[in-house]
Amino acid sequence: MSTDAGVIAPATVEETTSRVPLRRHLALGIWVAAALAIVVFALTTGGFATWDNAKAIFLASSYVGLLALAQMLIMTSGNFFSLSLGTGAVLAAMIFFSELGNGIVFAIVLAVLVAGFASALQGLLVGAWRANPIIVTIGANAILTGIILLRTGGSIIRPEKGAPSINWLVDPIGGIAFPFFVLVAATIVVQLVLGRTRFGLTMFLIGENRDAAKAASLPITRTIVGVFLAAGILAALAGILLGASLSGATLSSQGTLPFDAIVATLIGGCAVAGGRGSAIGTFLGTLGVAAISSALLLRGYSEGVQILVKGAILAVVVLAVHLWNQEDAR
Amino acid sequence: MTGADSKPSSPAVLHLEVAGISKAYAAVQALDEVSLSVRGGEVHGVCGHNGAGKSTLMKVLTGLVQPDTGALRLDGEEIELRDAKEAQRHGITIVDQERGVVPALTVSESLFLGNVGEPFMRRRRETRERAAALLARLGVEIDPDAKVRDLQAGERKLVEIAHALGRESRLIILDEPSASLSHGEARIVFKAVRDVVAEGTAVLFVSHRLDEVFELCDRVTVLRDGRLVDSRPIAEFDRAGLVEMMVGEEGHELTERIRTEAIGPEVRLRGLAVPPVVEEFSLDVPGGSIVGLAGQLGSGASEVLRGIVGLARGASGELEIDGRTVKLGWGPAAVRAGVRYVPGDRKSEGLFMRQSIEANLTATRLGSLSRLGVVGLRGRRRVAEQLAKVVAVRDHGVKDRVESLSGGNQQKVLLGRTLERNAGELLLFDDPTRGVDVQGRADIHRLIRAAAGAGNTVIFVSTELDELLDLADVVVTMFKGQIVAKLDAEQTSRGRILAEMTHEGEVAL
């Protein structure tokens, strides 16, 4: 996948300044070099450039991508990231499985509502009282984890016998797994909401400068609650789909998903400080991360190496973005 | 300079010469060949109105800004101050408005904070003894173990001065030291300043308050538009003369006012209190008029606006707009009543700097541009382009990011967000032309006047005399949260306004 290199560049190249400072050349150089290295690395990996591998990348992207869209919303609204989304996803999967007996639609709706509500509650603390989002979501994560452990005793929750089949949540359509279609649909919806609705446009403004939003009397609380609600819903979808593919849910099934989602969001051009981000960028960032993971996997590197490489890429991205956006010292 | 620790007292009497310093920011000549001479053992006042170059001069002396031309000579030797540390090494320290105090530290801890040559750790008792000695030198009674956050504003200022003394400073710059102090607190600070000077230290005293300048200073330097007007012993000045030097010649022409039939809402404020500065502020603004609140930093003028619009915590009082009571202290209520506010600090509170001009101009209009939550992008673009044209944002498309604009154009974008809505609103502008060039100023004044003419009522805050005279129908001068005088703009002068905003007078009727 060569797309990940182009993700940040188009969004920022439309600068109007005539004199481009050295650090921007440097940032661009880092981008191009990193992208080239990754492309070469991927294409020289045996079995990478095949349709089968592409399908595997799509599937792996689906879960990370939904969670990354959720993180992107929170980051763009100026609230860094939520550290409770992974556990929220697991909670949703567990509710989904335990309610399957009451019908699949009911189970999905209830799981999504509960996870959405839990996240929206955190949004209320952050939006109305300006609580620190990191602390709020760490706390919420602990509370959710505690509730799950109390109720399940740490065991795996599986669908009851006689529950309706959920295979269609996993099965491929035209060769591509169903979850990937969910991700594509979610990306389109989120992109439209961001670019075309009052809610989305207001969210960018609040994320960019909350004080100015307050002085302009923009609806801060309502918007941030909405952002967290949407993030909770997206995480719930990721949890349900992941649970379906594993045919069970436990706390540890989130794995490195929350971390991968943050990496994908940042690579997708989202500004940690808020005010800048896009669904399509996040989508491409997710594919990029999945492609790198896949190449590493095909070459037989251990999980340790995979995480290491992802971390290194994140560091490079952060450096490049910093160089690009740094204000000129007076 | 760790060696300085061994001989703490009696450095030679300082003699700092500023020789022909110039500094330009882009097209603005902030300092133009300014020369003056500061000696140990005297308080040297620096007076000048806004934009006179005072703050640039202070920055040059503390190493924060490098002059384009000119030299600094300390005791006859030329010195170059490349950064703040170097200034400190030469014994120059600035005590500015609220820096150098860390609320969570104790007095003795904060007294030695950030000093060059301070060891990484020091014994607690030793620190406390040195702190007590320093405070005793100032002749003040502050417990070295007290937390800074528990001190009064005046005590904090004294701690800062002691901090400067503890650095063996030979020149202490006091930038508006009394802006946040009560009368009594200021007295204590001034006494300490006299004591410090008696020991041979030089003090550069920057103040808007002429009473204080006459009370404290031995010598005064007057700056205007970046140029030195005069530098003489205080005895050779009188109050009127000093004011005249600060404002220049009275050659101001009034501009025509546009009046239409539409009349803005009548505004009635009773007993507005905005803690801690404004205690009781009452004002009647006739519909459609423009009131200028003239007040320096700490006068409470900006706080009055923030109180009206619901951005200040704990604001109370009565506000009526066209006879309807508006709940104070809650933003949405004010907005619903038609109050629009343009903050003074456009970067931190006004604009969304990294968003487009379009996003900024339409930020508060998204509601009317959308149907069922979906924004009509074409309509938005049209409105943005139209607004950009009205406020005359030059040389830029509406997709350009606001941070790429000049200060003047940024300010116009900020105004554009507020103006050109419906008539019948109360528009509040805090320092509407801060950091804006001449052309931009004229444009902005035209816009505000047009808004008033189109049926809105305007209250603005400014420290600039020309702006007050240009724009306002009535100028209300404020000092320490109170109204000093109400002046008819057509019958007053720059000197009168300046005189009324730099001292506490009788509260006018």
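Since A:Leu67 meets every condition but one in (1) closer than 30 Å to A:Gly127 by Cβ; (2) of a type outside the set (Phe, Trp, Tyr); (3) out of contact with any helix residue (DSSP H, G or I) (no Cβ under 9 Å at 6 or more places or on another chain), which condition does it not meet? Going through the list (1) closer than 30 Å to A:Gly127 by Cβ; (2) of a type outside the set (Phe, Trp, Tyr); (3) out of contact with any helix residue (DSSP H, G or I) (no Cβ under 9 Å at 6 or more places or on another chain), A:Leu67 breaks only (3).
Which helices (runs of 4 or more DSSP H) sit wholly inside the stretch B:346-396 and have at least 3 residues that are surrounded by fewer than 22 Cβ atoms within 10 Å (Cβ to Cβ), out of contact with any strand residue (DSSP E or B) (no Cβ under 8 Å at 6 or more places or on another chain) and more than 9 Å from chain A (Cβ to nearest Cβ)? It would help to see each step written out before you state the result.
Values: elements: B:357-361, B:366-369, B:377-390.
It comes to B:377-390.
Which residues, counting only those in the stretch B:431-450, are assigned to a helix (DSSP H, G or I) and not basic (Lys, Arg)? B:Val438, B:Gln439, B:Gly440, B:Ala442, B:Asp443, B:Ile444, B:His445, B:Leu447, B:Ile448, B:Ala450, listed by residue number. Scanning the stretch B:32-52 for residues that are over 23 Å from B:Ser169 (Cβ atoms) and of a type outside the set (S, T, N, Q) gives B:Asp32, B:Glu33, B:Gly48, B:His49, B:Gly51, B:Ala52.
Given the structure, is A:Gly127 in contact (Cβ under 8 Å) with a residue 60 or more places away in the chain, out of contact with any Leu (no Cβ under 6 Å at 6 or more places or on another chain) and part of a loop (DSSP other than H, G, I, E, B)? The answer is no for A:Gly127.
Of all residues in the stretch B:397-409, those that are closer than 13 Å to B:Gln439 by Cα and in a helix (DSSP H, G or I) total 3.
Output the residues belonging to the stretch B:414-425 that are closer than 15 Å to B:Leu351 by Cα and either outside any helix (DSSP H, G or I) or within 12 Å of chain A (Cβ to nearest Cβ) (or both).
Narrowing the stretch B:414-425 to residues closer than 15 Å to B:Leu351 by Cα: B:414-419.
The answer is B:Leu414, B:Arg417, B:Thr418, B:Leu419.
Check B:Thr492, B:Thr418 and return the single one that is in contact with a strand residue (DSSP E or B) (Cβ under 9 Å, 6 or more places away or on another chain) and under 29 Å from A:Ala212 (Cβ atoms).
On the way: B:Thr492 fails: under 29 Å from A:Ala212 (Cβ atoms).
B:Thr418 is the lone residue from the list that is in contact with a strand residue (DSSP E or B) (Cβ under 9 Å, 6 or more places away or on another chain) and under 29 Å from A:Ala212 (Cβ atoms).
Criterion first (away from chain A (no Cβ under 14 Å), buried (at least 22 other Cβ atoms within 10 Å of the Cβ) and outside any loop (DSSP other than H, G, I, E, B)) does B:Leu305 satisfy it? Lay out the reasoning, then the answer.
Values: away from chain A (no Cβ under 14 Å): no; buried (at least 22 other Cβ atoms within 10 Å of the Cβ): yes; outside any loop (DSSP other than H, G, I, E, B): yes.
Criteria not met by B:Leu305.
In the stretch B:311-323, the condition of being in contact (Cβ under 8 Å) with a residue 12 or more places away in the chain, within 14 Å of chain A (Cβ to nearest Cβ), under 30 Å from A:Met203 (Cα atoms) and crowded, with 23+ Cβ neighbours inside 10 Å is met by no residue.
Which of the following residues is touching a strand residue (DSSP E or B) at 6+ places or on another chain (Cβ under 9 Å) and either surrounded by 14 or more Cβ atoms within 10 Å (Cβ to Cβ) or more than 14 Å from chain B (Cβ to nearest Cβ) (or both): A:Ile157, A:Ile166? Residue meeting the stated conditions: A:Ile157. Scanning the stretch A:182-195 for residues that are small (Gly, Ala, Ser) and within 13 Å of chain B (Cβ to nearest Cβ) returns a single hit, A:Gly195. In the set (1) out of contact with any Pro (no Cβ under 9 Å at 6 or more places or on another chain); (2) surrounded by fewer than 17 Cβ atoms within 10 Å (Cβ to Cβ), the condition left unmet by A:Gly116 is number (2). B:Val28 satisfies every condition listed in (1) at pLDDT 85 or above; (2) under 22 Å from the mean Cα position of the chain (by Cα) except (1).
Just one of (1) more than 20 Å from A:Ala111 (Cα to Cα); (2) more than 13 Å from every other protein chain (Cβ to nearest Cβ); (3) surrounded by fewer than 22 Cβ atoms within 10 Å (Cβ to Cβ) fails for A:Ile147. It is (1).
When you check B:Leu426 against the structure, is it surrounded by fewer than 19 Cβ atoms within 10 Å (Cβ to Cβ) and of a type in the set (A, V, I, L, M), yes or no? So B:Leu426 fails the test.
When the stretch B:301-340 is examined, which residues are found to be closer than 16 Å to B:Val274 by Cα and basic (Lys, Arg)? Matches in the stretch B:301-340: B:Arg306, B:Arg313, B:Lys327.
Would you check if there is a residue in the stretch A:125-138 being farther than 22 Å from A:Ala273 by Cβ, modelled with pLDDT of 95 or more and buried (at least 17 other Cβ atoms within 10 Å of the Cβ)?
Of all residues in the stretch A:125-138, those farther than 22 Å from A:Ala273 by Cβ come to none.
No, the stretch A:125-138 contains no residue that is farther than 22 Å from A:Ala273 by Cβ, modelled with pLDDT of 95 or more and buried (at least 17 other Cβ atoms within 10 Å of the Cβ).
Among the residues of the stretch B:324-334, the one identified as touching a residue at least 24 places away in the same chain (Cβ under 8 Å) and within 14 Å of another protein chain (Cβ to nearest Cβ) is B:Ala334.
The values are calculated or read from the model by the stated rules, or taken from the named source; none is laboratory data. The structure displayed is predicted, hence computed values, not measured ones. Note: ideal-geometry Cβ built from the backbone for every residue, glycine included; neighbour counts use all protein chains shown.
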